[in-house]
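The structure appears below as structure tokens.
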Amino acid sequence: MLIIEVTNAREVMRKRIGRLGDRLIGKVVDAEAQVEKALIQEMETAFQEFGIEARILSVQGPQLSDERHLEMPLQVREKRDVHLKE
């Protein structure tokens, strides 16, 4: 199992929407959710190319408290099952 924590979602969104949209981050735009959605799309494409079937979840809640502990209050934001195209 892989766990990927995006640590610079606000900076990524800031680059994509520019200075004007910077004020919207956190109010109208959920930077973390948007970056995760784009990342899921890229992962789905790559997995299909490698012949990998997987379940990718974007969830709200888990936090790394340190390198040995993960806190798991969990709310699923998006789910996608990746299947091979025939």
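The values are calculated or read from the model by the stated rules, or taken from the named source; none is laboratory data. Keep in mind it's a predicted model, so treat the numbers as computed, not measured. Glycine gets a Cβ as well: all are built from the backbone with ideal geometry, and neighbour counts include every protein chain shown.
A few comments on the model shown:
- Checked against (1) on the phi > 0 side of the Ramachandran plot; (2) touching a helix residue (DSSP H, G or I) at 6+ places or on another chain (Cβ under 6 Å), GLY61 passes all but a single condition, namely (2).
- Qualifying residue in segment 77-86 (condition: modelled with pLDDT under 85, of a type outside the set (Gly, Ala, Ser), surrounded by 12 or more Cβ atoms within 10 Å (Cβ to Cβ) and part of a loop (DSSP other than H, G, I, E, B)): no
- Restricting attention to segment 7-16 and to residues that are closer than 26 Å to ALA54 by Cβ and surrounded by 14 or more Cβ atoms within 10 Å (Cβ to Cβ), the residue that is nearest to the chain's Cα centre (by Cα) turns out to be ALA9.
- When residues of segment 36-76 are limited to those that are surrounded by 10 or more Cβ atoms within 10 Å (Cβ to Cβ), in a strand (DSSP E or B) and among the polar types (S, T, N, Q), the one nearest to the chain's Cα centre (by Cα): SER58
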